[in-house]
Amino acid sequence: MKIRVLPSSQDRLHALEQGADHAEAWAGKARATAAPVLQKVYSLRTRIATVAVSLLAIWIFAHVMFGANGMVVYRSKKTEYQQLQKEIVRLRNDNAEYSTQIEQLKTDPKRIEKEAREQFHYARPGEVIYVAPEPATPTRPETHSASK
């Protein structure tokens, strides 16, 4: 077992004093080295703040305009929404028209007769139906030399 002898309080105080002197000297040297830089930064503080605020404003503007939920996206979504609303109104009108036609085809005998005559070319006894022939489509020559 080793016995360790502790330094006296005077020695400890003296060592602490020397350490403090070294720390003060180092701090003084660091302050002297940094002083011109800090002086320059302090004199330019308004310009630095102006540049920082300007960059922040530009970034916020760009984010608001072109971000994921920016104005450009908002306007395109709004236009799409309006087109979809118009489409919904048109489809509802078409649906109402088709419902009316279906109801007429279920209940109105005149409507049923009209559809039968038009689609299936039905006729009453004694009636003659005239059907016009389809117009002939002109044939085009296959090659350029054949059309001369």
Dipole of the chain [Lys/Arg +1, Asp/Glu -1 at C-beta], most positive-end residue of Ser76, Pro36, Gln104: Pro36
Inter-site label distance for His22 and Phe61 at 7 Å from Cα along Cβ, in nm: 5.6
For the chain: lysine pairs under 23 Å (alpha-carbon distance), excluding those fewer than 8 apart on one chain: 4
Label-point separation, Arg140 to Glu87 (7 Å along Cα→Cβ), nm: 3.5
Between the range 90-106 and the range 15-79, the Cα center-to-center distance that results, in Å: 68
Label selected from (1) 63; (2) 54; (3) 84, the criterion being percent of Cα pairs over 19 Å apart as computed here: (3)
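Values quoted throughout were computed directly from the atomic coordinates according to the rules given, and no laboratory measurement underlies them. Everything numeric here is computed off the predicted structure, so don't read it as measured data. Neighbour counts run over all protein chains shown; Cβ positions are idealised from the backbone, glycine included.
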